[in-house]
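The values are calculated or read from the model by the stated rules, or taken from the named source; none is laboratory data. In this text the structure is predicted, and so the values were computed from the model without any measurement. Cβ placement follows ideal geometry from the backbone for every residue including glycine, while neighbour counts extend to all protein chains displayed.
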């Protein structure tokens with residue numbers, strides 16, 4: 001399947017929608033507190049997005065009933081916000097945001113610790129997941145291969161740390177559509193896969209589990225859980241392939257960035 005190569009005009013539209021998506025995570029972070037329901041978070045994010053003349057892309061996407069995904073503890077991804085799901089001290093939650101602005105999609109997610117402190121196993125899981133994402137990002141550049149991204153993530157998360165790297169879900173091309181070519185696996189073989197070209201935009205979004213990499217889907221058709229019910233974490237950015245390497249379109253203030261890249265991890269402001 002052909003991969004969309006964006007013009008300078010289209011890249012500016014991608015930057016705008018990705019800035020908005022990242023700003024939603026900035027906005028919602030202080031609201032992730034004990035006693036707050038995932039539906040509360042959904043309502044706040046929904047209002048924030050529509051007030052900025054954009055659309056929360058998950059809402060009604062293939063029947064998904066809410067505006068964001070909220071995946072708590074053993075939920076790998078696609079958790080449906082629920083007024084009965086009340087956050088507790090020490091929970092970990094992935095909040096996944098996608099915005100549609102002026103016809104273009106921007107997608108990002110990150111982990112939040114409810115109440116600011118969790119157990120050491122969950123903290124390590126989050127740290128390894130974020131580092132896995134950035135190791136994958138470093139592999140992005142013109143004429144490099146997509147398989148290199150998954151290879152470095154799997155080597156770090158599984159071979160070095162013993163975690164399960166989810167294969168059921170993957171990153172994806174994004175632009176005028178929510179999901180498009182190419183697929184970006186988080187398990188790969190170096191030197192394989194499609195070559196990257198400047199103007200390509202796609203997500204990298206590793207899902208890392210403390211135990212097995214295997215998942216199961218609940219009867220709602222969306223919520224993915226770890227099969228062994230051990231906890232899971234995910235981190236996601238939308239990436240642009242540039243002539244020089246890469247641009248992370250969904251950087252946000254306060255988001256994780258490797259120490260050696262902090263000079264280049266400043267979010268672009270409107």
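Residues checked against (1) surrounded by 12 or more Cβ atoms within 10 Å (Cβ to Cβ); (2) at pLDDT 90 or above; (3) more than 29 Å from residue 118 (Cβ to Cβ):
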site	(1), (2), (3)
237	yes, yes, no
242	yes, yes, yes
248	yes, yes, no
252	yes, yes, no
258	yes, yes, no
265	yes, no, no
269	no, no, yes
**Asked** Here is a list of conditions, (1) touching a strand residue (DSSP E or B) at 6+ places or on another chain (Cβ under 7 Å); (2) within 28 Å of residue 180 (Cα to Cα), and residue 230 meets all of them except one; can you say which number that is?
**Response** (2)
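Hey, can you tell me all the residues within the range 109-128 that are farther than 22 Å from residue 36 by Cα and either in a strand (DSSP E or B) or out of contact with any helix residue (DSSP H, G or I) (no Cβ under 8 Å at 6 or more places or on another chain) (or both)? Explain how you work it out, then say what you get.
Start the filter on the range 109-128 by keeping residues that are farther than 22 Å from residue 36 by Cα, which leaves 120-121, 124-125, 127-128.
Of everything in the range 109-128, those that are farther than 22 Å from residue 36 by Cα and either in a strand (DSSP E or B) or out of contact with any helix residue (DSSP H, G or I) (no Cβ under 8 Å at 6 or more places or on another chain) (or both) turn out to be 120, 121, 124, 125, 127.
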**Asked** Right, residue 152: over 25 Å from residue 10 (Cβ atoms) and buried (at least 17 other Cβ atoms within 10 Å of the Cβ) or not?
**Response** yes
**Message:** Taking the criterion of being over 17 Å from the mean Cα position of the chain (by Cα), assigned to a strand (DSSP E or B) and either surrounded by 13 or more Cβ atoms within 10 Å (Cβ to Cβ) or at negative phi (or both), would at least one residue in the range 5-23 satisfy it?
**Reply:** no
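Could you please let me know if residue 74 is at pLDDT 95 or above and more than 19 Å from residue 105 (Cβ to Cβ)? Don't jump to the end; show me each part of the working.
Values: at pLDDT 95 or above: yes; more than 19 Å from residue 105 (Cβ to Cβ): yes.
Answer is yes for this residue.
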**Asked** Assuming residue 42 fulfils every condition listed in (1) over 15 Å from residue 100 (Cα atoms); (2) assigned to a helix (DSSP H, G or I); (3) without any contact (Cβ under 8 Å) to a residue 40 or more places away in the chain; (4) more than 17 Å from the chain's Cα centre (by Cα) apart from one, which condition is it?
**Response** (4)
**Message:** Checking the conditions here, which among 136, 188, 199, 150 is over 29 Å from residue 43 (Cβ atoms), in contact with a strand residue (DSSP E or B) (Cβ under 9 Å, 6 or more places away or on another chain) and modelled with pLDDT under 95?
**Reply:** 188
**Asked** Residues of the range 215-235 being surrounded by 15 or more Cβ atoms within 10 Å (Cβ to Cβ) and in a strand (DSSP E or B), which ones?
**Response** 215, 224, 225, 226, 232, 233, 234
